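To start, the structure itself, in structure tokens.
The values are calculated or read from the model by the stated rules, or taken from the named source; none is laboratory data. Please read these numbers as outputs of a predicted model, since none were measured by experiment. Glycine also receives a Cβ, built like all others from the backbone with ideal geometry; neighbour counts cover every protein chain displayed. For accessibility, only protein heavy atoms count, side chains too; no ligands or nucleic acids. Shrake-Rupley method; radii C 1.70, N 1.55, O 1.52, S 1.80 Å.
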Amino acid sequence: MQATAPAIPIRRPAPLRSSVVAVAAVGCALLLSRLALSLSISTPFHFFYGAVAVSAWYSGVRGGAPAIILSILVSDYFLIAPIDEIAFDPGTIFRITTFVVISGLVTALSEERLHDRDMAMHARERAAYLARVSQILARSLDYRTTLRQAADLAVPVLADWCVIDVLDDDGRLAMLAVAHADPERVRWAYRLREQYPVDPDAPAGAPKVIRTGEAELYAEISDQLLAAAARSPEELRMLQAVGYRSLMIVPLQVGGTTIGAVSFVIAESARRYSAEDLTFAQEVAERMAAAIDNARLYSQAHAARAQAEEAVLARDNFLSVAAHELKTPLTSLQLQVQLIERRALRDGTLVGRDKRMVEVISSQVRRLNRMISSLLDISRLEHGQLDVYLAPLDLDALARRVVDETQQISDAHTICYQSAAAESIVAGDELRLEQVLQNLLHNAIKYSPRGGQITVMLETEAGTARVAVTDQGIGVPEDEQARLFTQFYRAANASPENISGMGIGLYVVREILRLHNGSVSVASVEGEGSTFSIELPLLATRPPGRALVAARRGEQPAAP
Amino acid sequence: MEAPEAQRWDVLIVDDDAAIRELLTQVLEDEGYMARSASHGGHALELLRARRGKPKLILLDLMMPVMSGQDFRAEQQRDPAIADIPVVILSANRNIEARAEATNVDCYLAKPVDLDTLLEVLERYCG
């Protein structure tokens, strides 16, 4: 009975107390029976049924059985003729048998009821214990501390000793926690472990459980078993000093790997572990392992994040320094080429071929500058440092100007500007929106290598202004359109050999528009061309005179 | 290129990059301005304090060895003799606007500088 009893103690009255209740109940029954007898009522067993029922109710078989035996003896002696002597005549045996059968039944039913009550209580206690363990483990991500607290919780409910061993990074078995009711014994255990480190290759105990991943149960540990496990007389003395009586060791498993083991030891108390206890201990260990797993994942994620942030910082610093260093020679290049252009304009010294070359230098310098600036924009965007200064802005005038300027740098393309808008005042940052339109136009030129017409169309609709830039270029494959606005992404048909680019422009465009509460989208058929549209909310206010100017505006191609 | 005794002095260029100093000088002289240049803030202060006349404008780079543009500006503002000379910052620094504000300068030009814009600024201060 003891060996299979769950280690969490059942709160059942002790045997002595059960017997006392049984004797008292039988005594009462005897008194009542004598009283009845004196009134000439012959009821030899009636009151004893009550005595058995009370005793069995109180403590099950433990009370019921003595009550039955006592009742038989007392009735036979005091109540059944011949009085004052034990005698078993056939009539008496019949009465006694009837009594035993019925009161035995009562006792069995009571025992059943008590057992169910105990089991329910037991289950509640375990659930409460598990909940408490989970609560402690969830308290913090410092699993070393929480596991120590969880081990403390196991004593004395589940064990006299609770030891948690975890494999460290070097594959050594480190004792993470020891719990015992007596703090002095805990200190002793730590000293002991220091003196006798656990051999990770040991054939039994925690090392074996960690190796195999299988839980072990030693319900009864005999002296012979201890002697067999000890490697030396010293170790045997140590094991004996711990006082192992019953032991279970369960693995701590994270993602299929065993990273440690929890040992539950019964030493001083009279309990012994059962298979049921082992199942419960495994449940506890599962929760402990999950806590370790969480903490490890968190610290890994934390480290990865810190590393990533460091890398981003290093990149941004590099970009910042590189951009600064690149801009210095660019300054001198740009000034020189502009100086040449200015002098040529004044003196008329530059003609034909040379003039064209200077134009090319000038446009390439501008391009280089744009590329450097967009690299800087990216790191600014990521840090939320890209600011836009919103002011009322005539989108029509801006688009017209950008179209004019862009037309001058490409002879192969005809850029056609159309405005269908009555008015197009938006809250915008002129420099940034200029950058957006320039980017879309330069893309339209870049991605239509055979030349052709580029149409820029301004429309307004329901409080929104839309500028659509349509080209007849190579287009964007449909399944890549969504990713076009992400950083460093370039469509597969824009091969680096044919069309250069860093995959930055459209990302910056999208972000600038986002800062304007606007949006950018693409519609394209691969091989036929693309339309990139930006949308911006219109300003409600209408500057005086705008409508008149707008009314005269028709469809007109931009100046070549 | 220019006579050290020249009385008229329009612009002081302060930049550590020799190519840019030379180029700006050329640009300015093309437009008929008298320019002198210094390679860092300390040098610029020397020039300003050694001469009797004052320039109408200082074109100031920010990142320079020996004495940075910010330090030069602080020194200049402490010296009543030269504190009133207007300064235009010329820098490739990505936070040029914030820097201009921090150094108490109203006007700044981001490098690479557009020639037309530069000429407009010169016209405003020295014209």
Consider A:Leu350 carefully, then state whether it is closer than 23 Å to A:Leu441 by Cβ, more than 12 Å from every other protein chain (Cβ to nearest Cβ) and modelled with pLDDT under 80. no
Among the residues of region A:172-190, is there at least one that is closer than 23 Å to A:Gln282 by Cα and acidic (Asp, Glu)? no
Which residue pairs have Cβ atoms under 8 Å apart, sit 6 or more places apart or on different chains, and have a first residue in region B:9-33 that is facing chain A (nearest Cβ under 9 Å) and farther than 14 Å from B:Ile89 by Cβ and a second that is open to solvent by 10 Å² or more (accessible area, probe 1.4 Å) and of a type in the set (Lys, Arg)? B:Asp30/A:Arg342; B:Asp30/A:Arg343
Could you please let me know if A:Arg305 is within 14 Å of another protein chain (Cβ to nearest Cβ), part of a helix (DSSP H, G or I) and either over 18 Å from A:Tyr218 (Cβ atoms) or without any contact (Cβ under 8 Å) to a residue 40 or more places away in the chain (or both)? no
Within the group A:Thr97, A:Thr92, which residue is polar (S, T, N, Q) and closer than 28 Å to A:Arg17 by Cα? A:Thr97
Within region B:68-127, the count of residues that are assigned to a loop (DSSP other than H, G, I, E, B), surrounded by 14 or more Cβ atoms within 10 Å (Cβ to Cβ) and away from chain A (no Cβ under 14 Å) comes to 5
Quick one: which of A:Ala285, A:Ala303, A:Ala281 is at pLDDT 85 or above and open to solvent by 50 Å² or more (accessible area, probe 1.4 Å)? A:Ala303
Out of A:Ala181, A:Ala189, A:Ala177, A:Ala159, I need the residue that is modelled with pLDDT of 85 or more, surrounded by fewer than 16 Cβ atoms within 10 Å (Cβ to Cβ) and not charged (D, E, K, R). Which one? A:Ala181
Could you look through region A:513-548, keep only residues that are part of a helix (DSSP H, G or I) and surrounded by 13 or more Cβ atoms within 10 Å (Cβ to Cβ), and pick out the one that is modelled with the lowest pLDDT? A:Arg546
